Amino acid sequence: MSLFLIVALPFLGALLPGLMIEAGRRACGLTALFVSLAAFVGLMVHVPAVMSGEVITAQINWLPEFGLNLNLFLDGLGLFFAMLILGIGMLVIVYARYYLSRDDNMGEFYTYLLLFQGAMVGIVLCDNILLLLIFWEMTSLSSFLLIGFWKHLAEGRQGAKMALTVTGMGGLAMVGGMLMLGQIAGSYDIQVILQNREAIQSSELYLPALLLILLGCFTKSAQFPFHFWLPHAMAAPTPVSAYLHSATMVKAGIFLMARLWPVLSGTDAWFMIVTSAGLITMVLGALIAIFKNDLKALLAFSTVSHLGLITMLLGVGTPYAAMAAVFHILNHATFKAALFMTAGIIDHETHTRHIPALGGLRKLMPVTFTIATLAALSMAGIPLLNGFLSKEMMLETAAHLTLFDSHLLVPVAATVGALFSAAYSFRYISHVFLGPVRDEYPAHPHDPPRGLWGPPALLVVLVVVIGLAPFLAEPLVVQVTAAVLGSAGEVPEVHLAIWHGVTPALKMSGIAVVGGILLLLAYAPLSKIWEALPRPEAKAIFDAIIGGCVALSGRVTRGLHNGSFTMYAAIFALTVSALGAHAWFTGQTSAATRVQLPLEPLPLAGWTLLVLATGFLCFMHRDRLLALVLMGVVGVIVSLGFNYLSAPDLALTQLSVEVVTIILLLLALNFLPKRTPAESSSGGRLRDGLIGVVAGLCTSGLAYAIMSRNFAFESISDYHLENSYKGGGGTNVVNVTLVDFRGFDTFGEIIVLGIAALIIYALTEALLGGPVRARLLNRRPDRPRAGDAHPLMMVVATRVMLPVVLMVGVYIFLRGHNEPGGGFIAGLIVAIAVVVQYMASGFAWADARIRYPYHGIIGAGVLVAGLTGIGAWFFGKPFLTSAFGYFRIPPMEEFELATAMGFDVGVFLAVVGAVMLSLESYARLARRSNEIVSDHAMDIDPSRDDAPTEEQEG
Amino acid sequence: MELLVASAVGVLTAAGIYLVLRLRTFPVIIGTSLLTYAVNIFLFASGRLAVNQAPILRDGVETYTDPLPQALVLTAIVISFGMTAVVVMIALGAYLSADDDHVNLREEGQPEPARLDEPDAPRPGDGATREALQ
């Protein structure tokens, strides 16, 4: 099976449980199981090849410019983790099927679980660190959803938030580290990075990259001082704890350390940081675990401790330690997942996880007792079980380790850690199962159905088999170790065996087991002392830090975002000016060599008008009507300027947009005060003026600097000029660019325009549906109305003009491909022609004659443009590829037809619809405001008594 | 000629920003319209200036002005209409529902803004609406 399919299957399968839950819980569970099974089988197909040392790869270039490729590869390490993820995943799916109650939404649960599974498989199979980061964040997110699965539990929500904060923060740090790593290696592909050990370790970016990556690994794998989130994540349903928080997700950090081991390990920094963090985590986690009264909390801290153990082994940097780490990952995954499942069974059957309330379950739940005891003894490191083997290897490594110039520190700490580990394992057995049977359990415990004890039993079989016959696991462990070591070391010639003779490790192991039993015997007094000791409460510290951050950002936000739009605008203008100035003065520019155009009197006159109009606008803006007139003057001069400077299309567009904008603002002004009161002080005005002048100087300086230089790079415009006729079949390059070269942009833009018009429509509807409606109805016009609302001359003139203007619109449209014009301009012209009818003959009259709703016209426009684009697919071309040809229908002249014309029709319709819908919405507001509606055109006063009752106009 | 265009961009920007910094919605909208002109001219000018070289292909003509900024600015002009229309509708809606066309939230303890010179009929319950908006 292709590696892509293995990664994709869980993601695709995640869609199914949500649907299959309709068919029942069994169907839902089976679907999820089969999805995992299919991926697992697909993976197992590759086992023979990988075990013989092959590396299987699959590649798709996704964004090669950024070095982000969908590259996957499968070596021993990836295979090992993928097997754990999918294998334990299947057991957890079975277990969860029986664990979840009828009140839980099982479809949702399996969907999250499969999402997590896919992300996790993605992490271990991907060959690109950028891709890895994406999967990494996906595991954090799906873990958040799973921890908070019981949304009604406050602890679940808090735990989920904490886990996301801590692992998400680490993930962000890791993004930085990974980018640095890719920068040093010159590639983001893991297989390439792994070849660059010397380059990476000698780079000065090595230390920051290492620290950031380790931050990501330590937060994910709950290493000190980030260990505190894991126990709080125990609020999750137990299948989640067994899967994410013991077997897989918390191993992602370990996996990454193992994956990058060849290039990152072996330096002093790596050794000091990783080994000591692992050692502290191991001892501290084990110590806290002993005194936890919640079953899952005990297991959570023991997981923290074991993760510390693995981390420490990876930190050591010798091949033997790496081998021990790999072996312990396997062993820990088996016994710890089994233990979590038994904890879930006990919770499920007795309705409590509080250890002091339990005890004596041995007789009541014999099957569970057997499974839990075997798994716990393996955790304690008792011979003939798999935990013993890897713990021996760890102690063996520790016995020869020197840290901080001390020969004793590591061996003693490791022994103490193992001792605590034995103690809490024994406590799990004795305080839960041994002792007298009690009669006050919250429920009547008995062994659960097979579906619940089956999965942990299977895992315990593995525990025993590997414990008795370690040589069975040896090929796998050797192959994985080889993959971890890469080119950085040789796989040690060690055989996994139960008996190595009386070694220091065996003595340390003996001390640990005996000490563990003694500690348990003295548990009662010791726990009293422990309870009396002052301990830092991680959650309180975390909450305090988060609270502080929230308060700080709240203060900053309220300070900056205080509701004063004016202040934001001022800050924005000044910041942009300052950044621009900074860039200008620190950057490099070419010399100002471009020959400038001579100064002509006509543009000078235009310029003078523009400056005068703008100046007046600033001083006279309080008279709003005058301001609109002046703005219109500015707009007209801008259009004339475009025309003068060889941009006829822009001139036409600007002019027509100017018309509709002014009409729109006039419609709005109808409701707004006609004057702006003087409110700001003269000092304030001076300050604002200064800000404006600064920004103006900056922009004009920049514009002048650009215009007095030639292009810094070769422009792509020549391509458009050359191919406009050859490829696009039109001589108006601007129009061909719009409808052909950059047709996709234009397609997006007409959609945006349509959305803007729909927003205006929706806002109008909302206003008219609310209290504003009554206010509008009671509104009296603030100025006397013209006695002649619809002057006869104007009505007649506009109606005579309508066909002529429409003809002009069609003409402008048709010639657009070759001469100035096109869909945009034609659309605006036609819209103006229609708006004029509204103005001259009144809203009601015009509205009654509109056959198609404007929404429909917008939609039709977008559809026509889209369908024209899709048409190219039928000829095997990409979206919006255009074609054209020349036709001749006698007796007419030969003429050209281009598919771009169809696209332009779409543009035309969308523009007409959008402009009309906007203006009509404004006019509808006016209709509600007690406006006298003239149903009859050319009617001087519609409110007169003898109004004609019949329609007179056709 | 380049100086004229550059200074026109500057004048429009300065006036636009000055108006954007006013306290009522209407001048702010006029200000953004002026800024739109400035930005469009600026973008257009980045293709450098040329007279009588419209990008309409003709036989025998070799030099044309840069068509690309023109195409970009053309859509920008149309889109800016859409933007103006939406902003004006939002401003209008706010004014109609709250009887207040200030752009800034009133700070606590600050006096009621000067009444507008609207000889309109009294509007019921406008005080309550304004409070609800803040």
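Listing for the model above:
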item	result
Listed pairs A:Lys151/A:Lys251; A:Lys151/A:Lys528; A:Lys220/A:Lys292; A:Lys251/A:Lys528; A:Lys336/A:Lys391; A:Lys220/A:Lys539 exceeding 24 Å between Cα atoms	A:Lys151/A:Lys251; A:Lys151/A:Lys528; A:Lys251/A:Lys528
Computed helical MRE - 222 nm, chain A, DSSP H runs ≥ 4 contributing -39500 (n - 2.57), nearest 500	-22500 deg cm²/dmol
Qualifying GluC sites (Glu not before Pro) in the stretch A:818-922, DSSP loop, other Cβ atoms within 10 Å at most 10	A:Glu893, A:Glu894
Residue-wise HN-Hα coupling along the stretch A:485-496, computed from phi with Karplus coefficients 6.51, -1.76, 1.60 (Hz; x: Gly, Pro)	5, x, 8, 8, x, 8, 5, x, 7, 10, 9, 6
Cross-link reach list, lysines versus A:Lys877, counting only Cα pairs under 30 Å and skipping chain neighbours closer than eight places	A:Lys726
When the stretch A:112-216 is reduced to its Cα atoms, the Kirkwood hydrodynamic radius in Å	14.7
Long-range Cα-Cα pairs in the stretch A:736-814 (distance over 22 Å), rounded percent	65
Other-chain or far-sequence residues with amide H under 5 Å of A:Leu68's (modelled H)	A:Leu63
Of A:Ala333, A:Phe404, A:Pro366, farthest towards positive along the dipole that unit charges on Lys, Arg, Asp, Glu beta carbons give the stretch A:283-413	A:Pro366
Computed over the stretch A:551-627, Cα set: Rg, Dmax in Å	20.7, 62
Per-residue HN-Hα couplings for the stretch A:855-863 [Karplus 6.51, -1.76, 1.60; θ = phi - 60°; Hz; x = Gly/Pro]	4, x, 5, 4, x, 4, x, 5, 5
Amide H within-cut-off set for A:Asn732, under 5 Å, with H built and near neighbours excluded	A:Asn818, A:Glu819, B:Leu57
Kirkwood Rh, Cα atoms: Rg over Rh of chain A	1.11
Relative contact order [Cα under 8 Å, 6+ residues apart], the stretch A:722-954, whole percent	30
Estimated Rh, the stretch A:265-535: Kirkwood, alpha-carbon pairs, angstrom	19.0
Cα coordinate range in the stretch A:722-954, projected on the principal axes (Å, largest first)	66, 44, 28
Rounded to whole Hz, the Karplus (6.51, -1.76, 1.60) HN-Hα couplings of the stretch A:44-57, x for glycine and proline	5, 4, 7, 4, x, 4, 5, 5, 8, x, 6, 10, 9, 10
5 angstrom amide H check on A:Ser221, placed H, neighbours 5+ away	A:Gly253
Packing-based exposure ordering (other Cβ within 10 Å, fewest first) of A:Arg97, B:Arg24, A:Arg675, A:Arg785	A:Arg785, A:Arg675, A:Arg97, B:Arg24
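Every number in this text was worked out from the coordinates using simple rules, so none of it is lab data. Everything numeric in this text was worked out from a predicted model, so none of it was measured. Cβ coordinates were reconstructed from backbone atoms using ideal geometry, including for glycine residues, and neighbour counts include every protein chain displayed.
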